Amino acid sequence: MRVARVLICEPHDDISALLELVVRRLGHEPVAFAGIEVDHIGIEAAVIEPGEAAALIVARKLRANDVPVLFTSIYPPDAEVLALEPAAYLVKPFPLYALERALQEALASSAHEHAAAAAL
(Lines give C-alpha, C1' and ligand atoms only; values in the text may rest on other atoms or scores of the structure.)
Protein backbone atom coordinates (compact mmCIF):
# COMPACT_ATOMS: atom_id res chain seq x y z
CA MET A 1 0.00 0.00 0.00
CA ARG A 2 1.20 3.47 -0.92
CA VAL A 3 1.57 5.99 1.92
CA ALA A 4 -0.17 9.29 1.22
CA ARG A 5 0.49 12.62 2.95
CA VAL A 6 -2.79 13.98 4.31
CA LEU A 7 -3.03 17.57 5.52
CA ILE A 8 -5.12 18.09 8.67
CA CYS A 9 -6.64 21.58 9.07
CA GLU A 10 -8.62 21.44 12.30
CA PRO A 11 -8.45 24.24 14.92
CA HIS A 12 -9.36 22.08 17.94
CA ASP A 13 -6.39 20.06 19.23
CA ASP A 14 -8.47 17.12 20.46
CA ILE A 15 -10.31 16.72 17.15
CA SER A 16 -7.09 17.24 15.20
CA ALA A 17 -5.43 14.46 17.21
CA LEU A 18 -8.36 12.15 16.47
CA LEU A 19 -8.20 12.93 12.74
CA GLU A 20 -4.45 12.28 12.75
CA LEU A 21 -5.09 8.94 14.45
CA VAL A 22 -7.57 7.94 11.73
CA VAL A 23 -5.09 8.90 9.01
CA ARG A 24 -2.31 6.88 10.69
CA ARG A 25 -4.61 3.91 11.21
CA LEU A 26 -5.19 3.86 7.44
CA GLY A 27 -1.42 3.72 6.94
CA HIS A 28 -0.95 7.31 5.80
CA GLU A 29 1.09 10.24 7.09
CA PRO A 30 -0.83 13.11 8.71
CA VAL A 31 0.62 16.57 8.11
CA ALA A 32 -0.32 19.26 10.63
CA PHE A 33 -1.64 22.56 9.30
CA ALA A 34 0.84 25.33 10.10
CA GLY A 35 -0.59 28.33 8.22
CA ILE A 36 -2.01 29.44 4.88
CA GLU A 37 1.32 29.25 3.07
CA VAL A 38 1.07 25.49 2.83
CA ASP A 39 3.43 23.69 0.53
CA HIS A 40 0.90 21.58 -1.35
CA ILE A 41 3.62 19.53 -3.02
CA GLY A 42 3.42 16.05 -1.67
CA ILE A 43 0.01 16.59 -0.07
CA GLU A 44 -2.34 14.05 -1.62
CA ALA A 45 -5.51 14.88 0.31
CA ALA A 46 -6.69 17.16 3.09
CA VAL A 47 -9.20 17.01 5.93
CA ILE A 48 -10.34 20.58 6.56
CA GLU A 49 -12.66 22.43 8.94
CA PRO A 50 -14.13 25.02 6.54
CA GLY A 51 -15.21 27.36 9.34
CA GLU A 52 -11.64 28.62 9.64
CA ALA A 53 -10.86 31.34 7.08
CA ALA A 54 -7.21 30.28 6.70
CA ALA A 55 -8.21 26.66 6.16
CA LEU A 56 -10.67 27.68 3.44
CA ILE A 57 -7.86 29.55 1.66
CA VAL A 58 -5.77 26.38 1.80
CA ALA A 59 -8.70 24.33 0.48
CA ARG A 60 -8.96 26.65 -2.53
CA LYS A 61 -5.22 26.33 -3.23
CA LEU A 62 -5.34 22.54 -2.95
CA ARG A 63 -8.40 22.22 -5.19
CA ALA A 64 -6.71 24.47 -7.78
CA ASN A 65 -4.04 21.76 -7.90
CA ASP A 66 -6.61 18.91 -8.06
CA VAL A 67 -5.88 17.74 -4.52
CA PRO A 68 -9.03 16.21 -3.00
CA VAL A 69 -10.36 17.84 0.16
CA LEU A 70 -12.73 16.43 2.75
CA PHE A 71 -14.58 18.92 4.92
CA THR A 72 -15.59 18.19 8.52
CA SER A 73 -17.77 20.72 10.30
CA ILE A 74 -20.55 21.13 12.83
CA TYR A 75 -22.36 23.26 10.23
CA PRO A 76 -24.06 22.11 7.05
CA PRO A 77 -22.28 22.98 3.80
CA ASP A 78 -22.86 26.31 2.12
CA ALA A 79 -22.59 27.22 -1.56
CA GLU A 80 -19.02 28.57 -1.22
CA VAL A 81 -17.76 25.29 0.24
CA LEU A 82 -19.70 23.10 -2.19
CA ALA A 83 -18.29 25.11 -5.11
CA LEU A 84 -14.89 23.60 -4.22
CA GLU A 85 -16.30 20.15 -5.05
CA PRO A 86 -15.15 18.38 -1.88
CA ALA A 87 -14.59 14.64 -1.99
CA ALA A 88 -16.81 14.51 1.11
CA TYR A 89 -18.56 16.81 3.57
CA LEU A 90 -19.00 15.22 6.98
CA VAL A 91 -21.10 16.91 9.65
CA LYS A 92 -19.74 16.48 13.18
CA PRO A 93 -20.25 14.26 15.01
CA PHE A 94 -19.78 11.59 12.39
CA PRO A 95 -18.70 7.95 12.72
CA LEU A 96 -14.97 7.51 12.16
CA TYR A 97 -15.59 4.82 9.56
CA ALA A 98 -17.30 7.51 7.43
CA LEU A 99 -14.07 9.53 7.42
CA GLU A 100 -12.00 6.41 6.73
CA ARG A 101 -14.19 5.43 3.78
CA ALA A 102 -14.30 8.96 2.35
CA LEU A 103 -10.53 9.39 2.63
CA GLN A 104 -9.81 6.01 1.04
CA GLU A 105 -12.19 6.79 -1.84
CA ALA A 106 -10.70 10.27 -2.36
CA LEU A 107 -7.14 8.91 -2.45
CA ALA A 108 -8.09 6.05 -4.77
CA SER A 109 -9.95 8.38 -7.12
CA SER A 110 -7.10 10.88 -7.13
CA ALA A 111 -4.50 8.18 -7.84
CA HIS A 112 -6.66 6.84 -10.68
CA GLU A 113 -7.04 10.32 -12.23
CA HIS A 114 -3.29 10.98 -12.01
CA ALA A 115 -2.50 7.61 -13.58
CA ALA A 116 -4.96 8.26 -16.41
CA ALA A 117 -3.48 11.72 -17.03
CA ALA A 118 0.05 10.30 -17.05
CA ALA A 119 -0.99 7.70 -19.64
CA LEU A 120 -2.10 10.43 -22.06
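The values are calculated or read from the model by the stated rules, or taken from the named source; none is laboratory data. Just so you know, these numbers come straight off a predicted model, no measurement behind them. Note that each Cβ is placed from the backbone with ideal geometry, even for glycine, and that neighbours are counted across all protein chains shown. For the accessible areas, the whole protein counts, side chains as well, though only heavy atoms, and no ligand, DNA or RNA atoms are used. Shrake-Rupley method; radii C 1.70, N 1.55, O 1.52, S 1.80 Å.
Looking at E49, E100, E80, E44 in this structure, which one is charged (D, E, K, R) and open to solvent by 80 Å² or more (accessible area, probe 1.4 Å)?
E80 is the lone residue from the list that is charged (D, E, K, R) and open to solvent by 80 Å² or more (accessible area, probe 1.4 Å).
If I go through segment 4-25 residue by residue, how many of them are closer than 13 Å to L70 by Cβ and surrounded by fewer than 16 Cβ atoms within 10 Å (Cβ to Cβ)?
Matching residues across segment 4-25 total 0.
So, in segment 103-116, exactly how many residues are loosely packed, with under 14 Cβ neighbours inside 10 Å and modelled with pLDDT of 95 or more?
0
Looking at Y75, Y89, can you tell me which residue is modelled with pLDDT of 85 or more, outside any helix (DSSP H, G or I) and within 11 Å of the chain's Cα centre (by Cα)?
That would be Y89, the only listed residue that is modelled with pLDDT of 85 or more, outside any helix (DSSP H, G or I) and within 11 Å of the chain's Cα centre (by Cα).
Go through segment 56-65 and give me each residue that's part of a helix (DSSP H, G or I) and surrounded by fewer than 23 Cβ atoms within 10 Å (Cβ to Cβ).
Result: L56, I57, R60, K61, L62, R63, A64.
Regarding segment 31-50, can at least one residue be identified that is touching a helix residue (DSSP H, G or I) at 6+ places or on another chain (Cβ under 6 Å) and assigned to a helix (DSSP H, G or I)?
Scanning segment 31-50 turns up no residue that is touching a helix residue (DSSP H, G or I) at 6+ places or on another chain (Cβ under 6 Å) and assigned to a helix (DSSP H, G or I).
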